[in-house]
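Engineer: So that we are looking at the same thing, I have put the structure below in structure tokens.
No lab work stands behind these numbers, since they all come straight from the coordinates. These numbers come from a predicted model, not from an experiment. Cβ: placed from backbone, ideal geometry, glycine included. Neighbour counts: every protein chain shown.
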Protein chains: 2
Amino acid sequence: MPEINKYVLHNWEGLLYNGNLSEYLKARGQIVNHALETLLPPEQGPHKNLAAAMRYSVFAGGKRLRPVLVLASAEVAFGSADNDSVKAALNTACAFECIHTYSLIHDDLPALDDDDLRRGKPTCHKEYGEATAILAGDALLTLAFSLIAETKDVSPDKLLCIVAELSKKSGIGGMIGGQLVDIESEGCEITFPVLEHIHIHKTGALIVAAIRSGAIIGGASAETLAVLTTYGEALGLAFQITDDILDLICTDEELGKPSGSDLKFQKATYPALLGLSESKKVAADVTQKAIAALDVFGVEAAPLRDLATFVIERRN
Amino acid sequence: MPEINKYVLHNWEGLLYNGNLSEYLKARGQIVNHALETLLPPEQGPHKNLAAAMRYSVFAGGKRLRPVLVLASAEVAFGSADNDSVKAALNTACAFECIHTYSLIHDDLPALDDDDLRRGKPTCHKEYGEATAILAGDALLTLAFSLIAETKDVSPDKLLCIVAELSKKSGIGGMIGGQLVDIESEGCEITFPVLEHIHIHKTGALIVAAIRSGAIIGGASAETLAVLTTYGEALGLAFQITDDILDLICTDEELGKPSGSDLKFQKATYPALLGLSESKKVAADVTQKAIAALDVFGVEAAPLRDLATFVIERRN
């Protein structure tokens, strides 16, 4: 596994939170991007097309929300930002981006959502063909577990907890299960509990796992872990409701893909079931619940508080 | 995670090797099948179709070679068969079958090998549709890491080594990478080194990982691990050369899928490059190499010795 610590040691200073979330996201995003650059397989040798497809999708843009949540949650558990424990969370942060990206590649396939555009660029199968896209997704999913297993400076029992956390929340009982119910519900009349099930599993589970994994690396107590889980569950729901709303109100350019596709494919969404204004109200309520959960923490949780607001105020 | 130990404690006795490999394979296969039955998600709740697709492919037949290799290798490392260390290897054994099955499901997809039959039954996507088949593969791949992470009675550092072993050997540097080169080579004139690369990675890597993982659970020394790795590499190559040969000489019924498909799709194979009789000779030589590597062991390695012979003498 390539060594990323040297870079991090040079660039981690000055990243303490000063209340400017967009600066914070940019700085953390750059660290995550550099780490991914180092950790993803190089575009050379017999598998260069596969490595290229993996890199194409990972570096197609994206907010790096899940990796940033891993790091921010590790900070809260540890009680401060500038420490080795947080640096050690970087491999795990990258693992979550690999899982997120693989899920997008497979979701976009013709047999699933059949999307041609993602983040304003052709989807992986449009650029590299379907076979390579399927394998690139498989390889990113597999790589995520390599990244966690080969992390230095974190104890094996913590890393094994994270493997359990990630595999459970991204598997049939989490993200993949949510994706299946979402697909099976297309064009069907569905009830609110089914919609909630889809949102909690398809999007929420991985966000919760990212937050819990950061907390585990930071050495969180059972109480801290429980509080951060409550925060994560609320944040994940707010995130997906906002996605539903954005699909309805944003332009194609803002979204980086055709807007209104949920309506077109009769996807189950909050606005479809509750209407737009009620959906916005629910998103705001859930966000307040997320922020309130953090009341037990001090200034070390400021990034997580502001991230919750960011999640419902974003435009893509 | 469901509890499998109770069953194993009742049924593990009397499984010491008596020199009859087909009895041994049958008995070990039954234990593995029962464990898989318990460990795979139940066909109920919102994800029942996905669970059904996973179970359909896992229980479509198959020799359970990789799980049996995990168990047999753990025995060798431990020096005896009837012990808790070997029983503890059962979760990991099942993880390897999950990875093997996911790779078959994705390989069979229309965008890859486009196979309609596998083990004499419709392939997963033919039975459950392409979207569910893609997700069933993803879910089995993900489940494999849950099974390892949630194993009891094995230390976290051993389990983490196995996560690293499995993710590396089944990822871009192993199985998935081999599959990519195989697909990219279809219809091309390829050299012998490229063919060897495909075989070592596409099939060999996972077999090596199974053997090494069993050895790690059994507490193998570095020397034992090196010997078993040599055995595994030779066995994996013998296995794939034999697969190439069987595709050419067996009937559709024996194979459970159309024979001669390698020729039809101009797949890179040993017989295509070396001819049939030279390929048989290479398979026999490599098998002897595998068996010779085991000379440092005593009777505890008898199953591995006989498995090597079985691998080149099988008819499917």
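Engineer: How many Cβ atoms of partner chains, on average, are near each residue of B:48-56 if near means within 10 Å of its Cβ? If you can, show how the numbers build up before the last one.
Structural biologist: Numbers: counts 1, 4, 8, 3, 0, 1, 1, 0, 0.
Taking the mean over all residues of the peptide, I get 2.
Engineer: Distances from B:N20 to the same residue in each other copy, label points 7 Å out along Cα→Cβ, in nm, shortest first?
Structural biologist: 7.8
Engineer: To continue, here is another question. Please tell me which of these pairs span more than 18 angstrom C-alpha to C-alpha: A:K87/B:K169; B:K26/B:K281; B:K121/B:K257; A:K169/A:K202; A:K202/A:K264? Write down the numbers at each step before the final one.
Structural biologist: Working: A:K87/B:K169 27 Å; B:K26/B:K281 29 Å; B:K121/B:K257 8 Å; A:K169/A:K202 9 Å; A:K202/A:K264 20 Å.
Among A:K87/B:K169; B:K26/B:K281; B:K121/B:K257; A:K169/A:K202; A:K202/A:K264, the Cα-Cα distance tops 18 Å for A:K87/B:K169; B:K26/B:K281; A:K202/A:K264.
Engineer: For B:V299 and B:R119 in one chain, what is 0.36 nm times their gap in residues minus the Cα-Cα distance, to one decimal in nm?
Structural biologist: Working: separation 180, 0.36 × 180 = 64.80 nm, distance 3.35 nm.
Working it through step by step, the gained length comes to 61.5 nm.
Engineer: Kindly list the residues of segment B:240-281 that lie in the label zone of B:T191, defined by a backbone N under 17 Å from the point 7 Å along the Cα-to-C-beta vector.
Structural biologist: B:268-269, B:273-274
Engineer: Quick check: the distance between the Cα centres of segment A:171-246 and segment A:257-316, to the nearest angstrom?
Structural biologist: What the calculation gives is 12 Å, centre to centre.
Engineer: Quick one: if you stick a label point 7 Å off each Cα along the C-beta vector at A:E43 and B:L263, how many nm between them?
Structural biologist: 4.1 nm
Engineer: Given segment B:54-202, report the % of alpha carbon pairs whose separation exceeds 22 Å.
Structural biologist: Numbers: 5195 of 11026 pairs.
Looking at segment B:54-202, the distances longer than 22 Å represent 47 percent of pairs.
Engineer: Which order do peptides A:134-146, B:263-275 fall in by mean Cβ count within 10 Å, highest first?
Structural biologist: Values: A:134-146: 28.2, B:263-275: 17.0.
Highest to lowest by the protection proxy: A:134-146, B:263-275.
Engineer: List B:I217, A:I172 from most exposed to least, where exposure is judged by having the fewest other Cβ atoms within 10 Å. Please list the in-between numbers first.
Structural biologist: Working: B:I217 31, A:I172 27.
Ascending number of Cβ neighbours within 10 Å: A:I172, B:I217.
Engineer: Something else now. Summarise the partner chain shielding of B:129-136 as one whole number: the mean count of Cβ atoms from other chains within 10 Å of each residue's Cβ.
Structural biologist: On the way: counts 2, 4, 12, 5, 1, 10, 11, 3.
Other-chain Cβ atoms within 10 Å of each residue's Cβ, averaged: 6.
Engineer: Okay, moving on. Got the A:K63 label distances to the other copies yet, label 7 Å along Cα→Cβ, in nm, shortest first?
Structural biologist: Copy-to-copy label distances at A:K63, shortest first: 5.1 nm.
Engineer: Between the label point of A:G275 and that of the same position in each other copy, find the distances and list them shortest first in nm, with every label point placed 7 Å from Cα along the Cα-to-C-beta direction.
Structural biologist: 8.2
Engineer: Let me ask you something else. Can you put B:D247, A:D285 in order, fewest other beta carbons within 10 Å first?
Structural biologist: On the way: B:D247 20, A:D285 14.
Ordered from fewest to most neighbouring Cβ atoms within 10 Å, B:D247, A:D285 come out as A:D285, B:D247.
Engineer: Let me ask something additional. Hey, got the average number of other protein chain Cβ atoms within 10 angstrom for residues in A:144-156?
Structural biologist: Whole-number average of other-chain Cβ neighbours for A:144-156 is 5.
Engineer: Taking the convex hull of the alpha carbon atoms in segment B:227-274, what volume per residue do you get, in Å³? Mind showing how you got there, number by number?
Structural biologist: Values: hull volume 3.8 nm³, N = 48.
For segment B:227-274, the hull spanned by Cα atoms encloses 80 Å³ per residue.
Engineer: Let me ask another. Work out the length of the dipole vector of the protein assembly as shown about its Cα centre, built from +1 on the beta-carbon of each Lys and Arg and -1 on the beta-carbon of each Asp and Glu, and round it to the nearest 20 debye.
Structural biologist: Working: 56 positive and 84 negative charges, 126 e Å.
Charge dipole, the protein assembly as shown, about its Cα centre: 600 debye, nearest 20.
Engineer: Semi-axes, largest first, in whole Å: what does sqrt of 5 times each Cα gyration tensor eigenvalue give for segment A:5-313? Could you put the intermediate results ahead of the total?
Structural biologist: Numbers: eigenvalues 160, 127, 60 Å².
Over the Cα atoms of segment A:5-313, the semi-axes work out to 28, 25, 17 Å.
Engineer: Here's something else I'd like to know. Beyond 37 Å, what percent of the Cα pairs of the protein assembly as shown remain?
Structural biologist: Considering the protein assembly as shown, 35 percent of its Cα-Cα pairs are separated by more than 37 Å.
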